[in-house]
Amino acid sequence: MKKTGFARHLSGLLALLACLVIVASTGACGPALGKGEQSPSAPQSLATPTAAAEVPGTVAIFTPSDGITLSQHTPINKWAALIPELKAALSKEHLSSKRIDAYTSGNLEDQSKELQDYVVNRLSERKAGKSSEPTTLVVAPMTSPDSITRQYGDYISKSLDADAKDKARSRLVSSLRLAAGAGMHVVLMANQVPGIQPDLFVQLSDARAIGQMQAEKLASKLELDKASKDNPCRIEILLPNRPADASSADKGAEASRAEQGQQEDQNSFPAQAFAGIWQVLGPYFKDGRADSPSGRLQADSTEQDWQAVAFDPGKDASATGKELASRLSMNDGAKSHTEVDGILAMNDFIVSGVVSELRDLGYRGSSADVNPEISISGIMGSMAGRQDLHRQRVPKPAHSPANQNSTGSQTDSSQATGKTQESTSSDDHTAWPIISGYGAYVDNIPQIVDGQQWMTGLEDRLGLAADIAKACVSLNSQGKVPAMDTIQTVNQDGKQVRRLSRPLVAVSASNLKATLIDTGYIKPADAGL
């Protein structure tokens, strides 16, 4: 038995030796592997990690050119800013920059032609066998926003213009249908296209969300829940609105517009913005915890009464100044100031006129003095690593010395009411109100640092870019929109549509550094630092 076992063991060793000889001789016939190289049988992810990381497909981006802005009042929600962020996000998702194309157009005519040419060329390449890669089109259909809408930036969501040239609109629709029919994926940004059901719709800024956000922040800052009917917070709403076009001499056209006027007005940007505002502030006006210094809004006002606070902002800040002066004027002819705790100004263009007029009217202090969360010195210290910037403080409000600390903030019990004006004399309500806007205008940022403007807002551009990039890569590689917290399925015109959206970003002095400077949206110098 021992001899047989030994024989079997010896036979096994000889067989193993023969196999090793065969492998060695086979390897001698192939190319030698250098130091650090792996054999072709090694996993590809280990052999060529960079190549394996790249994802298939192409992405073509079609957006409008940046809108025209007035003077230096420039919102940072611009297409020119979003596109490079989207390209960078696609690259982070391992899509080669060679497979990313971007086109900008100044009108719908040019955009529809560029889209049509791109789709036709891609199909021609496929037919010729030159390309078979999956393709995703990211399209922000060109619209014609009016001067009021432009004050909020380039991303305002709306349907494709009803008055757009039929030929250009038909070309855009037919190009998108041709692309979808050929298996290309369609992502629409900001603006819907009638008759097109995209793989994904990216919801950007809309009027209701902008109004609602400002109302929520104002209610929180003024602590409206602590106000009472006997001691209400006085809030003025400035709603910019394009004046009615009365230039047409066509009576038939005027009659037609009159028939549709009421419905169109209620769907207008100002009307929708006020609906968002009133959803938040309406209950406070109804029970008396808030009232209007101008008296334009009452306890029985509804969201249908938006025109009561609407005005034509004109082309510069002077129109806003005149409107505010009129609303805050004392009807009895006295020189006393009208008490105002908060001004909802809708966008930073309007805020500029508000701040200038309040100064001229003699209001003093800053938003930081109202239910203070952070002092002016603390604001600037946090932005500059606690460095002394030697900036001059804004004038302090007319509070009695006993009610102020070293930062100019109140320390008495009046904070419990949600107001700070109790310490001022009854005939001299000069305390600076909180002021809200939107658009993050670069030249308004120093006013936020100084506390003259309480807050502004903008789109979460970096977050949106990252989400859109992930969706595009998933559409190309898996043929479907990925499951993400920011994407929901909604019913739109009786059809189920996947919609991507992110909450608007509210910016005040306490988070300005984190939201605007650390993200690279603006530079410290833009904030006056």
Expected output for the stretch 206-222 (first residue crowded, with 22+ Cβ neighbours inside 10 Å, partner among the basic types (Lys, Arg), Cβ below 9 Å, 6+ apart or cross-chain) is Leu222/Lys419
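Residue by residue, here is whether (1) loosely packed, with under 13 Cβ neighbours inside 10 Å; (2) hydroxyl-bearing (Ser, Thr, Tyr); (3) modelled with pLDDT of 95 or more; (4) outside any strand (DSSP E or B) holds:
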| site | (1), (2), (3), (4) |
| --- | --- |
| Leu297 | no, no, yes, yes |
| Ala308 | no, no, yes, yes |
| Ser318 | no, yes, no, yes |
| Glu323 | no, no, yes, yes |
| Lys335 | yes, no, no, yes |
List, please: which pairs have Cβ atoms under 6 Å, are six or more places apart or on different chains, and start with a residue in the stretch 468-489 that is closer than 12 Å to Asp199 by Cβ and touching a residue at least 40 places away in the same chain (Cβ under 8 Å) and end with one that is outside any helix (DSSP H, G or I) and polar (S, T, N, Q)?
-> Cys472/Thr136; Leu475/Thr136; Asn476/Thr136
Can you give me the number of residues within the stretch 473-515 that are acidic (Asp, Glu) and more than 22 Å from the chain's Cα centre (by Cα)?
-> 1
Within the stretch 195-220, the residues that are within 22 Å of Ser301 (Cβ to Cβ) and more than 20 Å from the chain's Cα centre (by Cα) are Ala219, Ser220
Could you list all residues from the stretch 480-529 that are in contact with a strand residue (DSSP E or B) (Cβ under 8 Å, 6 or more places away or on another chain), outside any strand (DSSP E or B) and of a type outside the set (A, V, I, L, M)?
-> Thr486, Ser501, Thr515, Tyr521
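The values are calculated or read from the model by the stated rules, or taken from the named source; none is laboratory data. Small disclaimer: the values here were computed from a predicted structure and weren't measured. All Cβ positions, even for glycine, are placed from backbone atoms using ideal geometry, and neighbour counts span all protein chains on display.
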